[in-house]
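One structure below.
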Amino acid sequence: MNGREKEIYKVTLLGTAVNAVLIVLKFVAGFIGRSSAMVADAVHSLSDFVTDVIVLVFVKIAGKPRDKGHDYGHGKFETFATMIIGIILSLAGIALMVNGINLVIKSLHGHALPRPTMLALVIAVVSILSKEWLFRVTMRKGRQLNSSAVRANAWHHRSDAISSIGTLVGVAGAMFLGDRWRILDPVAAIVVSIFIIKSGYDIMKPSVDELLESSLPEADEEAIRSIVLGIPGIERVHNLRTRRIGNAIAVDLHAKMDGNITLNEAHALATAAEGAIKDTYGPDSIVTIHMEPLP
């Protein structure tokens with residue numbers, strides 16, 4: 001296991017431990033504290049726990065070196081893990097929304113909703129503080145390691161914190177505003193579920209684009225052209241093709257240069273361009289440069 005994998009494992013295991021504790025606390029507070037929003041929040045934390053396990057499994061696979069069957073490495077496994085996290089998050093949001101809608105319908109038909117207790121309120125506050133702290137720690141590490149899966153997991157922690165804020169508002173309103181306001185508990189769950197579904201979509205879309213071999217953003221492609229044209233002796237760049245592979249990028253381009261220079265000189269120019277790209281986008285970048293003579 002390399003240093004990057006170890007760091008990913010450390011921060012993910014931290015999240016797993018926190019989520020495990022919160023799952024127990026939220027389910028207990030939801031059932032004993034009589035809060036449907038807290039039970040839904042517990043389900044959301046359970047989805048966090050599942051995604052932590054997914055990251056642990058897939059990052060280990062993604063960290064394997066290139067082999068005969070995977071010439072470009074195993075980076076797409078990390079992308080696949082990111083997509084799964086987005087799907088799970090979206091499904092969790094849909095489940096929360098359906099549950100909340102059902103409770104609102106029951107309330108509107110005269111079904112008395114239970115009054116949440118102080119236990120649910122306290123656990124909601126604990127969840128907000130712990131998950132926001134976990135988001136900051138995980139996001140910082142995800143940026144340091146350039147890991148889309150870790151960054152996606154960080155946003156999952158943030159969505160759980162937002163979910164708990166909605167739970168806090170709903171529980172507090174149901175507790176202190178009177179019986180007629182107990183409907184705030186499931187209403188809060190519905191509102192929060194919308195944010196959760198949006199977060200899941202935002203996480204899922206980039207990973208789907210990557211798995212479908214989408215090019216890098218235009219700004220990155222322009223930057224790559226500028227980097228290559230910055231090498232003295234390379235006059236033009238065309239047929240640029242790019243894609244992302246996990247935390248690395250793959251670049252394929254044609255570089256035009258003086259047709260009268262030697263093969264060794266042309267190779268030196270291509271090597272310099274490759275090194276310049278890797279200096280900017282990381283040493284794991286896969287760069288292929290086809291050399292062409294100027295007309």
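The values are calculated or read from the model by the stated rules, or taken from the named source; none is laboratory data. What you see is a predicted model; the values in this text were computed from it and never measured. Neighbour counts run over all protein chains shown; Cβ positions are idealised from the backbone, glycine included.
Values for this structure:
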| item | result |
| --- | --- |
| Any hit, the range 228-239, residues being at pLDDT below 95, closer than 29 Å to residue 80 by Cβ and not in a loop (DSSP other than H, G, I, E, B) | yes |
| Restricting the range 96-106 to residues that are without any contact (Cβ under 8 Å) to a residue 60 or more places away in the chain and of a type in the set (A, V, I, L, M), the residue that is surrounded by the fewest Cβ atoms within 10 Å (Cβ to Cβ) | 105 |
| Among the residues listed as 252, 284, the single one being surrounded by 12 or more Cβ atoms within 10 Å (Cβ to Cβ), among the acidic types (Asp, Glu) and touching a helix residue (DSSP H, G or I) at 6+ places or on another chain (Cβ under 9 Å) | 284 |
| Which numbered condition residue 216 misses (of (1) in a helix (DSSP H, G or I); (2) aliphatic (A, V, I, L, M); (3) over 18 Å from residue 30 (Cα atoms)) | (1) |
| Close pairs (9 angstrom Cβ cut-off, 6 or more residues apart or separate chains): within 12 Å of residue 38 (Cα to Cα) in the range 107-119, among the hydroxyl-bearing types (Ser, Thr, Tyr) and at pLDDT 80 or above anywhere | 116/35; 117/35; 119/35 |
| Test set (1) surrounded by fewer than 17 Cβ atoms within 10 Å (Cβ to Cβ); (2) closer than 26 Å to residue 209 by Cβ; (3) at pLDDT 80 or above - residue 60 fails condition number | (3) |
| Cβ pairs under 7 Å, 6+ apart, first in the range 1-20 and within 12 Å of residue 144 (Cβ to Cβ) and in contact (Cβ under 8 Å) with a residue 60 or more places away in the chain, second of a type in the set (D, E, K, R) and part of a helix (DSSP H, G or I) | 7/141; 11/141 |
| Output for the range 162-183, where each listed residue is under 18 Å from residue 122 (Cβ atoms) and in contact with a Leu (Cβ under 8 Å, 6 or more places away or on another chain) | 163, 168, 169, 170, 171, 172, 173, 174, 175 |
